[in-house]
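What follows is a single structure, written as structure tokens, with notes after it.
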Amino acid sequence: MKTSSLLLIGSLALGLFACDSETAAPQPQVGLSFNTVKEAAAMGARLSAPNSLSFTSGTITLREIQFEVESDADSLEVEFELEQDVTIDFATGATSPDISAITIPAGTYEEFEIEMELQDQGTKPAIMLNGTFTDAQGKAHPIRFEFNSGETFEVEREGVITFAEGQSMVAQVTFDPTAWFAGVSSAQLASAVKNAEGVIVISSTQNTDIFEVVADGLDLATNVEIED
């Protein structure tokens, strides 16, 4: 069974956490949350409406999450590593298990980075999303995207970020699967093969031409925002 581990790196960070709990000032905490884009997106500007695609349910399973903030000026670096399966409910953005807040030293940082690796062990796809493709005639077709590989998502936010003592903030990571399909035309989806249940399955074994395009776009439209 996998276990979680917390790593705090940097002499200043270790010094702060070694202080007496009665005298040390409360440190900032950063929580991690996920936003999933479920709105329909138009398929290819060159094609006529109402070609659109949306995903509304499913799961994204991660095997590892790494979080890092750096300050070149103060030579301060803080890292957090969670080695545990975390499942994101695409419909709600909720995680299972909950991801606890990360405590970091107060200070000003120039770079904020989160790296997430997909779970590629077992038979269940790391990404399994359900949605709808609406063709040029307005007919809706159920679609499912399945991806099972140890892909790594990297999201960065550059620029000065200040974490004050006792402050609580949220790092919100956004997944937009319609952007992964940006290189796929509605004509490709309209001619895609359906399974016995009438679902367009995009996977490494079904509609592979489309799958390869989407797999190349997986690192697109994942970004992070810091919110109070």
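The values are calculated or read from the model by the stated rules, or taken from the named source; none is laboratory data. All values reported here derive from a predicted model rather than from experimental measurement. Virtual Cβ from ideal backbone geometry, glycine too; neighbours counted across all protein chains shown. Accessible surface areas use protein heavy atoms only, side chains included; no ligands, DNA or RNA. Shrake-Rupley method; radii C 1.70, N 1.55, O 1.52, S 1.80 Å.
The table below gives the values:
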quantity: Packing-based ranking, highest mean first, of 171-184, 124-137 given that Cβ atoms within 10 Å are counted; calculated: 171-184, 124-137
quantity: Exposure of Arg144 as accessible area (Å², to 10), given a probe of 1.4 Å and all protein chains; calculated: 60
quantity: Hits among aspartates and glutamates - C-alpha to C-alpha of Lys194 under 15 Å, sequence gap 8 or more where chains match; calculated: Asp135, Glu146, Asp209
quantity: Environment charge of Ile200, counting only residues whose C-beta is closer than 15 Å and scoring Lys/Arg +1, Asp/Glu -1; calculated: -1
quantity: Surrounding net charge for Ile114, when Lys and Arg each add one and Asp and Glu each subtract one, Cβ distance under 10 Å; calculated: -4
quantity: Local electrostatic count, Gly159, Cβ distance below 11 Å [Lys/Arg +1, Asp/Glu -1]; calculated: -3
